[in-house]
Each structure stands twice: as C-alpha cells, then as structure tokens.
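Reviewing the structure listed below.
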Amino acid sequence: KMIWDDKCIYFAGFLEEPNIYAHLTKNDTVICRESDFEIFIDVDGDTRNYVEIEFNALGTIWDITYEKEGDQGTMPRSFPWIPGSEPWDVEGMRLAVRTDGTVNYPYDLDAGWSYECSIPWATLQELNLSGKKLNQDGASMRVNFSRVQFNIREEWPITDWRPVKGVDWLWSPLLTYRAHIIETFGRVIMSERTVLQDRDEGLEQA
C-alpha cells in the first residue's frame, strides 16, 4: 500500500511467511542475503541517483543510493566492503516491523510479518534533478518493490541457518532477472483524490 501527504510518502505491506527467520541485526549490511523486503525509488525517472531500501523481519535496514543503474557497472555508494565507502541514510525515514508468529523457530507455522515505512519528501527532493516539486497533484516517480524469499532447512534442530534457495517477487515485471532496470519500474502518480474517491483517469493517461 502507498499513500502520501505534504510531509511524507508512506509504504505498508504484509508478507505471508510460514517460517519467519532473520539473523542480521546490524544496519548497513547486505540484508538481501536473507529474506527481506525492498523498496526502489527513482524520484525523477532518469535512472540516476535512485534509492534502494532493504529490511528484514527484525527491522534491520540497509539504505543505499546508486549513481546509475546497478547493472551498468556502477556500485552503490554505501557498499560495506568498498574501501572508503561511507554509509548513506534516508534522512528522517521511519520503519516499524511486526511479526505474526515465532522468529527463527521453524517447528511451527507462522502467518508472516508486516511493515510500515515513512520517508520525508524533503529527503527525496534532494535527489530530484528535475527541479519539480514531488509532493503535489500530478507529480510522478518510478517505484518498484522486491520481496526476497529464501527457504531454510527443514530438519530440527537447525544448526545451519544459511539459506538454501532464494526467489525474488517483484511488483512491476522487469522481463529479465535483474532488479535494477528503472524504465520498467511502476509509475506512481500523486493525486489529491482520496482512496475512497473515483480513479483519476486524466492523471493515469498523462
């Protein structure tokens, strides 16, 4: 789910997960090495200076900015193993995660985990080279989501928590197995209409 107001854009979701597990507890580490959820935002759609936010069921965050698309030879500016790389943060972002089940205990069935995330427009505006105001009726940006889901070993007790196999679930289809193709991301359009009002077909066709 997505919604916005004058101050922030908000994201929320629920991930069905029969066995919730998460072990990474240090921010700015590579969270996608285990099951996570990811938000991609390119505020002006130019495939430059876009944001990726990863977090797991413990609420551990890795927020990254890319100078250009990841498959074009660039590396994110906050990769932990790059010498001299400095952590980059989405300033003012707030994240809440709630689990419905037992974490790291696969001997039962869990329902899943949910998240709520808010990002200030002021932070995103700094990445906008178009000069246009983002939080206004009719504004648009490229957005995508990725759910990275790993299976874990089913024997009990588990002594090796390393994932067995992972799959990526994407909101907007990319037609290839690469998550960093910005022109295939969904186009999110800001509208002043509420969710209870009719669709704004004029904005959708713009």
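Where a number appears in this text, it was derived from the coordinates with a stated rule and is not lab data. What you see is a predicted model, and the numbers here were worked out from it, not measured in a lab. Virtual Cβ from ideal backbone geometry, glycine too; neighbours counted across all protein chains shown.
Per-structure values
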{"quantity": "Residues Asp160 and Asp108, FRET efficiency given R0 of 25 Å [Cβ-Cβ distance, rounded to 0.05]", "calculated": "0.80"}
{"quantity": "Cβ-Cβ FRET estimate between Arg48 and Glu16, R0 fixed at 30 Å, reported to 0.05", "calculated": "0.30"}
{"quantity": "Peptides 115-122, 36-43, 187-194, 198-205 ordered by average Cβ neighbours within 10 Å, highest first", "calculated": "36-43, 115-122, 187-194, 198-205"}
{"quantity": "Protection proxy ranking, peptides 139-150, 96-107, average beta carbon neighbours within 10 Å, highest first", "calculated": "139-150, 96-107"}
